[in-house]
Amino acid sequence: MSGVSLVACGGDDSTVLATMESNRRADSAEPEGGTDPDGEYCTAVTALQGPDAADLDDPAASIEALAALGEVAPAELRPSFEVLSDVVEELSTLDPDDPEYITRALELIMDPSVQEAADHIDDVTAEMCGLDLSELDEPGTTDDTLSDDTLPEPGAAAGDIDLEHIDRIKDEHQGSSWVEKLSTTSIMNDTAVSLSADASDPITPAEAMEACQVVRSALVSINPDVTVSITNGETAVVQAPAGGACAPA
């Protein structure tokens with residue numbers, strides 16, 4: 001899901017669940033102008049990206065924001081927004097202390113119906129508004145460009161892991177077969193990273209091991225507690241626990 005983030009919260013820490021199709025974003029045509037950039041829906045989408053936007057780390061605010069967009073969205077998008085609103089609401093009911101929390105959350109956001117709904121919103125929004133949702137800034141930020149200093153040196157303080165980090169890692173390893181196969185990335189709470197291949201072009205155990213080792217090596221300097229999972233669909237092939245090495249699942 002390239003442009004839409006799903007946000008849930010539990011206990012005293014917020015959890016951001018964002019998914020994207022990295023290759024899909026790279027292959028998409030650059031939006032131009034849009035057919036209705038000044039319309040109510042496009043204005044509402046743009047407002048979500050401004051400094052005064054709602055705090056989408058708050059699950060209630062996230063649900064409210066999705067519902068509000070759905071109300072002003074064109075008729076063809078309303079069913080897609082209903083799908084996202086339902087899954088965000090369900091995510092907010094999960095207990096982050098449950099050992100099955102990450103597994104259950106990924107099952108929800110990786111559901112084909114959720115991916116299809118998010119992709120539909122991305123495509124129609126690009127056509128109507130001239131906006132690429134995957135390229136817009138997070139609320140309160142001013143630049144989504146990944147600089148050479150974004151991946152810190154080993155030993156740096158723990159920080160946020162985002163989708164641009166994964167894009168940069170993949171860009172630096174374009175010659176590797178796993179790069180094209182791992183088309184979907186999920187990040188939870190800046191800690192749990194999952195890269196998935198489609199069942200139609202599954203990743204091999206050797207490719208999965210290489211991908212895990214490369215990704216973990218790059219991200220552990222940002223967050224020492226990062227976990228990495230390489231999957232074929234929902235089936236884990238190789239995993240690296242927090243503080244541990246990559247190993248077959």
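A short reminder: the numbers here are calculations on the coordinates, not readings from a lab. Computed from a predicted model, the values in this text were never measured in an experiment. We place every Cβ from the backbone using ideal geometry, glycine too, and count neighbours over all the protein chains shown.
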Quickly run through region 177-198 and pick out the residues that are of a type in the set (Ser, Thr, Tyr) and within 20 Å of Ser221 (Cβ to Cβ).
-> Thr185, Thr191, Ser194
Restricted to region 159-195 and to residues being within 12 Å of the chain's Cα centre (by Cα) and small (Gly, Ala, Ser), the residue nearest to Met110 (Cα to Cα) is Ser186
So which residues in region 184-211 are on the phi > 0 side of the Ramachandran plot and touching a Ser or Thr at 6+ places or on another chain (Cβ under 8 Å)?
-> Asn189
